[in-house]
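Peer 1: This is the structure I want to talk about, given as structure tokens.
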Amino acid sequence: MRVSILSLLLLGLWARPASAEQELAVYPGTVHTRIGNDLVIGGEYHRMAYFTTKDSIPQVAKYFHEYWTKQGYPVVVEGDLKDEAVVAAFYTREGLQRAIVLRKHQGKTVGFSVLKDMWLYEKPSAAGKSPFVQMENSLFHSEVGSRDEAGATRSRTEIVERGLDEVRQELTSKLTASGFKLVRESGGKLDGQRTVVLEYARGAEQTLNTLVELESTRVAVSQAWVGTDRPDGMPNADAVRRSREEAARARQPGKKP
């Protein structure tokens, strides 16, 4: 049974709000990089991180299966255990579901550690067409939105399996084609990782795009969009500031959840 990252997310992979201080599952000897902050996907609360290891998919799956089974939790294993697999444990008393999504990539195992709250649910808003660039070769993506009296904000986080320069070119080309104009571009290195930040505007809309080179062929992409209902058509300054702060936090590698 083949299990794709997208279908797993649609089936409910997973996390709880930050106030609960619930930890993600960790594979020994690896560095877990947080993916965004607390997310709402399909109305459900999630928390995610990813890691890579030279250990095989069966080795990693066996570790989590035995670890959770010894603790007395119901455990489910799906996938072919060759190219992909999912190991999930159900914390029935806490109302949580912890899972490890595994994929094989360039001789390594890429793992996504996911935590889902089974009890909390937020009805998805009737959002219109997504303002974000749909990137090619995306491993997965998640979108979160909010709205106040001054306007609306939405953010999209994903990991793309391509080089940073190629991802930047696709992003800039598609934003320009859709009518956005470049306002500011910056870049550099953060803890040895190349980073590019692009700010675009289109009328009353503004988008902040952050690219972080995780590996030579893997890039984390954060897109934050801000709109406004103000009569003067100016973007919501507070929303823009919050988007920049969230993008800066997402660029912090190795930060433990």
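The values are calculated or read from the model by the stated rules, or taken from the named source; none is laboratory data. Predicted model only: the values in this text are computed from it and were never measured. Here the Cβ positions follow ideal geometry from the backbone for every residue, glycine too, while neighbour counts run over all protein chains shown. In case anyone asks, the SASA skips ligands and DNA or RNA and just uses the protein heavy atoms, side chains included. Shrake-Rupley method; radii C 1.70, N 1.55, O 1.52, S 1.80 Å.
Peer 1: Starting from the range 65-81, take each residue that is within 22 Å of Lys104 (Cα to Cα) and list its partners that are aromatic (Phe, Trp, Tyr) and open to solvent by less than 60 Å² (accessible area, probe 1.4 Å), counting only C-beta distances under 7 angstrom and pairs at least six apart or across chains.
Peer 2: Val75/Trp68
Peer 1: Quick test of your reading of the structure: Gln169 fulfils all but one of (1) modelled with pLDDT under 80; (2) open to solvent by 70 Å² or more (accessible area, probe 1.4 Å); (3) not charged (D, E, K, R). Name the failing condition by number.
Peer 2: Every listed condition holds for Gln169 apart from (1).
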